[in-house]
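Read through the structure below, which is laid out as structure tokens, and then see the notes.
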Amino acid sequence: MKIGIDPGISGAIAVLSADDEVIGIYDMPIMRASKTKNQVNAAELANIIIDVIGDKPMGVTAIIEKVSAMPGQGVSSMFNFGKGAGVIEGVLAALRVPVEFVTPQKWKKAAGLIGKDKDMSRTKAIQLYPDAPLARKKDIGRADAILIARYGT
């Protein structure tokens, strides 16, 4: 089983079986951090992962998009994004789920998406998994999570 994670507030978690079938997809669980900010909800993320793997992480690998600072983003935004990524890594470590990281360039190249519009990941995921819940424009995070999981070993 592979768990693909597109980190961030608008990210998602996709679970693929050993034969790459989608067996679960979840929007990133978030909670209010302040009047204007949300953050990853660590407890709810842990609940999702536990529901997926049970009490034994054997045969499970999480593949997380390797995030880094992007030009033009504010310091506060990058801090919050990094904090969210750290929460995800911490939850997986606490649950003893092995983690692999993949850069956006690598998984997008494998999916044939280099140089393509951001919504093309949703189109590609729909082509591969027509029954996956990806109908909304905002499901790009879900599509990315599926393709990240598919990239994993």
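The values are calculated or read from the model by the stated rules, or taken from the named source; none is laboratory data. Here the structure is a predicted model, which means the values were calculated and not measured. Glycine also receives a Cβ, built like all others from the backbone with ideal geometry; neighbour counts cover every protein chain displayed. Areas reflect the complete protein model, heavy atoms only, side chains present, ligands, DNA and RNA absent. Shrake-Rupley method; radii C 1.70, N 1.55, O 1.52, S 1.80 Å.
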Checked the stretch 128-153 for anything among the small types (Gly, Ala, Ser) and assigned to a helix (DSSP H, G or I); matches are GLY141, ALA143, ALA145, ALA149
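Counting just the residues of the stretch 58-70 that are surrounded by fewer than 19 Cβ atoms within 10 Å (Cβ to Cβ) and at negative phi, which one comes out nearest to the chain's Cα centre (by Cα)?
LYS66
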Any residue in the stretch 105-129 that is farther than 10 Å from ALA143 by Cβ sitting within a Cβ distance under 6 Å of a residue that is in a loop (DSSP other than H, G, I, E, B) and open to solvent by 80 Å² or more (accessible area, probe 1.4 Å)? List the pairs, counting only those 6 or more apart or interchain.
LYS108/ILE114
Being at negative phi and among the acidic types (Asp, Glu): is that true of ASP55 here?
yes
Considering (1) within 22 Å of MET31 (Cα to Cα); (2) open to solvent by 60 Å² or more (accessible area, probe 1.4 Å); (3) of a type outside the set (Asp, Glu), say which one ALA110 fails and leave the rest.
(1)
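With respect to ILE88, is the statement that it is in a helix (DSSP H, G or I), open to solvent by less than 70 Å² (accessible area, probe 1.4 Å) and touching a residue at least 60 places away in the same chain (Cβ under 8 Å) true? Outline the logic, then answer.
Values: in a helix (DSSP H, G or I): yes; open to solvent by less than 70 Å² (accessible area, probe 1.4 Å): yes; touching a residue at least 60 places away in the same chain (Cβ under 8 Å): yes.
Criteria met by ILE88.
Out of the residues in the stretch 37-78 that are among the β-branched types (Val, Ile, Thr) and modelled with pLDDT under 85, state the one that is nearest to ALA149 (Cα to Cα).
VAL67
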For the stretch 14-42 the number of residues that are touching a strand residue (DSSP E or B) at 6+ places or on another chain (Cβ under 7 Å), in a loop (DSSP other than H, G, I, E, B) and of a type in the set (Gly, Ala, Ser) is 2
Filter result for ALA125 (small (Gly, Ala, Ser), on the phi < 0 side of the Ramachandran plot and assigned to a loop (DSSP other than H, G, I, E, B)):
no
When residues of the stretch 1-21 are limited to those that are modelled with pLDDT of 95 or more and of a type in the set (A, V, I, L, M, F, W, C), the one nearest to the chain's Cα centre (by Cα):
ILE5
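When the stretch 24-36 is examined, which residues are found to be open to solvent by 20 Å² or more (accessible area, probe 1.4 Å) and modelled with pLDDT of 95 or more?
Selection gives ILE25, TYR26, ASP27.
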Quick check, is GLU100 assigned to a strand (DSSP E or B), open to solvent by 40 Å² or more (accessible area, probe 1.4 Å) and either within 25 Å of ALA132 (Cα to Cα) or out of contact with any strand residue (DSSP E or B) (no Cβ under 9 Å at 6 or more places or on another chain) (or both)?
yes
